[in-house]
Amino acid sequence: ASVTVRSSSHDYEVLIGDGLRHNLSEFISSDYTSILVITDSTVKDHYLQDVKGSLSEAASVFTAVVPAGESSKSMGRYEELLDRCVELKLDRKSLIIALGGGMVGDLAGFVASTYLRGIDYIQMPTTILAHDSSVGGKVAINHSEGKNLIGSFYHPVKVIYDIETIQTLPESEIRSGYGEVIKHAFLSDDEWTRRLLKANLSELSVDQLENDLMKGIQVKASIVEKDEREAGIRKYLNLGHTLAHAIEAELGYGEITHGEAVAVGLLFMMKVSNDIKGAQLPIKAYKEWLDQNHYPISVLTRIRPERMLERMMFDKKTLRRKINFVLLHELSDPYVVEVEEEQLLEQMSLLINEVS
Ligand code: NAD
Ligand code: ZN
């Protein structure tokens with residue numbers, strides 16, 4: 001299956017299928033003189049040989065491996081990778097392939113966006129979460145003061161999503177990915193949402209996985225196509241993220257995965273939408289789904305509402321020390337609104353009590 005994404009610089013295709021990594025020369029132009037595959041230490045063990053083996057013999061193929069984990073999205077690793085590009089004499093006819101999850105995608109994409117003022121790159125996502133990060137053109141590394149503070153908008157020339165690679169993902173990463181999948185469902189499609197709320201994540205069929213990833217990518221692509229630089233509706237993609245970012249920062253990255261934090265953030269979003277704004281979102285069904293799939297809702301008992309509020313105010317996406325929230329009028333109907341601090345504190349305390 002495939003989706004075409006339109007961007008201001010070029011259109012690109014997202015290919016999704018089982019085993020695509022074995023046939024890469026079919027999908028990648030043979031005009032590239034050299035290819036640098038960037039991956040992390042975990043993904044390397046599983047898939048690097050397959051990828052190298054299926055690239056066209058016309059190009060020289062090089063590899064660079066960074067340690068797995070968010071801490072590789074750093075200035076140090078970025079500089080090392082640039083050194084490697086220079087040392088290998090990569091030129092404007094070279095290609096970078098980002099083989100891995102969102103960490104590798106963001107890091108390798110940022111290298112590609114800046115080396116020689118930009119060379120082509122291809123995303124080869126290997127996590128469920130990366131259905132989100134591989135589309136939309138945001139690439140970045142972290143700064144000690146905050147995540148993704150250094151980056152650019154730079155779209156790949158193609159996304160090749162071999163969903164067979166999902167088979168080796170640990171459960172926590174499946175949960176993480178589905179946090180963003182269900183966000184995309186909440187934003188766009190009631191029926192899909194209701195279907196997802198019945199899904200047991202440890203028993204996903206290949207068909208369901210492919211369908212969910214395809215739909216998630218379509219939602220993301222259609223929003224980003226209309227607002228590439230987040231002047232308006234791209235903000236909807238931050239659904240659940242205001243609290244999620246605060247939780248991640250408070251507990252430390254590594255304690256909870258990004259998508260798990262988003263899933264918890266979405267629960268809070270529902271509570272605020274329902275109790276302050278009078279929506280009737282299916283919060284009970286959603287909470288049950290989180291429980292059944294072992295999302296770490298109990299992190300809510302480890303946070304203090306006042307501290308979360310402070311963190312939310314300094315989130316880089318909040319303007320003027322006021323908290324702009326993405327809420328839902330109903331499923332598939334998002335809006336951005338300023339919510340009063342007291343109300344947020346109250347709802348957070350209530351939610352913490354409910355889950356304790
Ligand atoms: P990740 O890339 O760190 O991968 C998670 C873990 O799974 C890592 O340990 C990795 O080695 C391992 N892994 C990856 N693929 C595997 C496989 N097939 N089998 C076994 N293990 C595998 O994390 P992620 O959740 O994919 O992405 C998170 C990153 O994405 C964050 O840095 C976040 O900022 C970024 N992100 C970017 C965007 C964007 O629009 N650019 C959107 C969302 C998230
Ligand atoms: Zn996210």
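The values are calculated or read from the model by the stated rules, or taken from the named source; none is laboratory data. Please read these numbers as outputs of a predicted model, since none were measured by experiment. Quick reminder, even Gly has a Cβ in these numbers, built from the backbone with ideal geometry, and neighbours come from all protein chains shown.
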So which residues in region 150-165 are buried (at least 18 other Cβ atoms within 10 Å of the Cβ) and acidic (D, E)? D162
In the set K277, K322, the lone residue that is in a loop (DSSP other than H, G, I, E, B) and either in the same structural domain as L129 (by TED's automatic domain parsing) or at pLDDT below 90 (or both) is K322
Would you be able to say whether some residue in region 269-276 is closer than 25 Å to N353 by Cα and within 15 Å of ligand 2 (Cβ to nearest atom)? yes
Could you look through region 53-82, keep only residues that are of a type in the set (S, T, N, Q) and outside any strand (DSSP E or B), and pick out the one that is nearest to ligand 1 (Cβ to nearest atom)? S72
Go through the residues of region 172-188 one by one and say whether even a single one is of a type in the set (A, V, I, L, M, F, W, C), within 28 Å of D45 (Cβ to Cβ) and within 17 Å of the chain's Cα centre (by Cα). yes
Please state which one of P156, P170 is within 23 Å of Q49 (Cβ to Cβ), more than 16 Å from ligand 2 (Cβ to nearest atom) and free of Cβ contacts under 8 Å to residues at least 24 places away in the same chain. P170
Tell me which residues, restricted to region 110-146, are part of a strand (DSSP E or B) and closer than 30 Å to Q208 by Cβ. Y121, I122, Q123, M124, P125, K138, V139
Would you please list the contacts, defined by Cβ atoms under 8 Å and residues six or more apart or on different chains, that run from a residue in region 96-125 that is at pLDDT below 95 to a residue that is surrounded by fewer than 24 Cβ atoms within 10 Å (Cβ to Cβ) and not aliphatic (A, V, I, L, M)? none
